[in-house]
1. Starting from 0.36 nm per residue, how many nanometres of slack lie between Leu459 and Asp285 once their C-alpha separation is accounted for?
2. How high is the relative contact order of the chain? Use alpha-carbon pairs under 8 Å, at least six apart in sequence, and give a whole percent.
3. Using the Kirkwood radius over Cα pairs, work out the Stokes-Einstein diffusion coefficient for region 143-284 at 4 °C and 1.567 mPa s, in µm²/s as a whole number.
4. Let's test the formula: R0 of 56 Å, r as the Cβ-Cβ distance of Glu407 and His147. What FRET efficiency results, to the nearest 0.05?
5. Compute the normalised compactness of region 84-176: alpha-carbon radius of gyration over 2.2 N^0.38 Å, N being the residue count.
6. Based on the Kirkwood radius over alpha-carbon pairs, what is the Stokes-Einstein translational diffusion coefficient of region 255-349 at 4 °C with 1.567 mPa s viscosity, in µm²/s?
7. Could you pull the Cα extents of region 1-106 along its three principal axes, largest to smallest, in whole Å?
8. Just to confirm the filter: which GluC sites (Glu not before Pro) across region 253-318 are DSSP coil and have at most 16 other Cβ within 10 angstrom of their Cβ?
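The values are calculated or read from the model by the stated rules, or taken from the named source; none is laboratory data. Everything numeric in this text was worked out from a predicted model, so none of it was measured. We place every Cβ from the backbone using ideal geometry, glycine too, and count neighbours over all the protein chains shown. For the accessible areas, the whole protein counts, side chains as well, though only heavy atoms, and no ligand, DNA or RNA atoms are used. Shrake-Rupley method; radii C 1.70, N 1.55, O 1.52, S 1.80 Å.
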Amino acid sequence: MTRRIVIVGGGTAGWMAANLFLKRWHQNGFDVTLVESPDVGIIGVGEGSTPTLKRFFELINVAESDWMPKCNATYKVSIQFDGWSPGSGVASYRHPFISQVDTFTQRAFEVNCRTRRLGLNTHTSPEDFLINGILAKQGKGPLTPDHFPFRMEYGYHFDSHLLGQFLSELAVSRGGKHIQGKVVDIRRAESGNIEEIQLESGQCLEADLFVDCTGFASLLMQKSLGVGFQSFKDNLFNDSAVVLPTPIDEQDIPVETKSTALSNGWCWKIPLTNRFGNGYVYSSDYISADQAEMELRQHLDIKDSSVEARHLKMRVGQLEKHWHYNCLAIGLSQGFIEPLEATALHLVQISIESFMDNYEKGQFSQQFQHDYNQFISERFNGVRDYIVAHYKLNTRSDSQYWIDNRENKHLSEPLGKLLDVWFQCGDVSEEISRQNLHHQFDTISWHCLLSGYGAFPNLAPNQPGRGDLYKEQDIARFLHGCALNFESHQVNLSRLTS
């Protein structure tokens with residue numbers, strides 16, 4: 001039986017959906033069409049990902065050598081945070097991606113953090129306990145030789161325009177249809193389902209399932225179906241960004257994203273093979289667009305005024321329903337949480353995969369729509385809470401922005417409880433398990449954040465001089481020995497084209 005899927009809107013999210021649908025369902029008679037308006041640009045500005053994107057390419061059987069060079073992509077093993085908690089004495093920390101090797105050091109890291117919360121002097125720098133943290137400091141890539149017995153997890157940096165183009169060509173080559181056209185009318189059946197969309201050319205497209213990938217415009221879900229939007233403005237202040245490229249030394253490309261706190265927000269620095277992508281994410285309630293651009297230029301030391309900046313507006317929050325009637329929202333149309341931990345495509349992928357599982361389980365009906373909406377909403381809330389913690393725990397006092405973020409009382413109950421367990425020296429791992437939070441950010445990730453911020457009490461006056469598992473287990477020696485198996489990031493990248 002032929003089932004028709006029409007995806008409205010392209011970009012990375014739309015073409016990821018198309019490729020996943022085609023991979024799983026095309027052989028079963030599904031017809032996948034993507035309609036893309038030539039007048040609508042792509043928001044993406046050069047992005048980073050989590051390891052979920054690595055799994056995406058594995059699912060659709062695309063090798064790194066096939067896509068990375070075409071998208072100016074580099075490897076990503078970590079995010080470095082600079083200047084977020086100067087009041088605690090921590091100038092910088094890393095949140096590395098977690099790999100199989102880390103099963104040998106995870107417990108020592110967590111025990112040391114708990115011991116430090118009791119006032120004892122232990123080593124708690126996240127990057128020193130995790131293999132990707134060591135690789136980031138050494139400038140090494142994550143690719144392993146054949147004899148290395150452990151699976152490595154890593155993400156990527158890439159040009160989102162080029163990635164969207166690559167995925168569109170791939171989808172078409174695998175049986176997808178691509179139509180350039182502007183949607184001018186959306187017609188609904190008496191049941192409430194979307195019956196067809198009409199393009200400016202007069203062409204009408206009917207489908208069993210429509211996928212809204214129209215970005216913040218949310219043409220199908222919000223404007224046609226009237227689905228409400230839940231804003232995260234009370235939790236997350238940032239609503240704007242200004243973006244500028246800078247040159248990169250092609251012989252010295254970092255293997256991590258850098259996130260630097262500025263006066264009223266933060267700046268990302270993402271290394272591609274041909275340039276750095278930089279962006280200042282800020283709150284327009286505290287600084288104007290012109291002021292933000294000037295501060296970013298000063299931060300990047302850009303004296304050439306001919307380098308043009310792009311200004312973007314962000315709507316942070318999520319739809320009240322991600323799947324309504326016969327319409328599914330994916331990407332910016334379903335919601336957005338600021339890019340601090342590069343979770344955008346992670347949420348896109350788990351949204352698509354979970355939808356396909358529920359759609360199949362319900363015999364391609366709307367039977368499990370409620371379960372799906374609850375599942376995805378919880379995922380968005382979990383990511384939101386992890387991002388909110390970055391702001392709540394900051395120890396900056398150089399602007400009202402940072403003070404207001406620290407004093408913000410709009411915390412979810414799960415986040416409030418988790419922070420309370422940490423500061424009361426309770427078992428954070430047990431609390432994460434109790435709340436079922438590990439689907440978003442697991443125990444190690446929370447320990448990276450909380451220890452990275454130096455969120456500890458003052459040291460006790462009398463120190464026993466023992467109990468530091470980092471020293472007692474000689475973890476530095478173990479991880480540096482593991483790192484001998486890895487080559488430089490530049491060598492890893494060169495292998496993609498050899």
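1. Gain on extension, Leu459 to Asp285, equals 58.8 nm.
2. Relative contact order comes out at 24 percent.
3. 65 µm²/s
4. 0.60
5. Rounded to two decimals, the normalised Rg is 1.54.
6. 84 µm²/s
7. 62, 39, 25
8. Glu308
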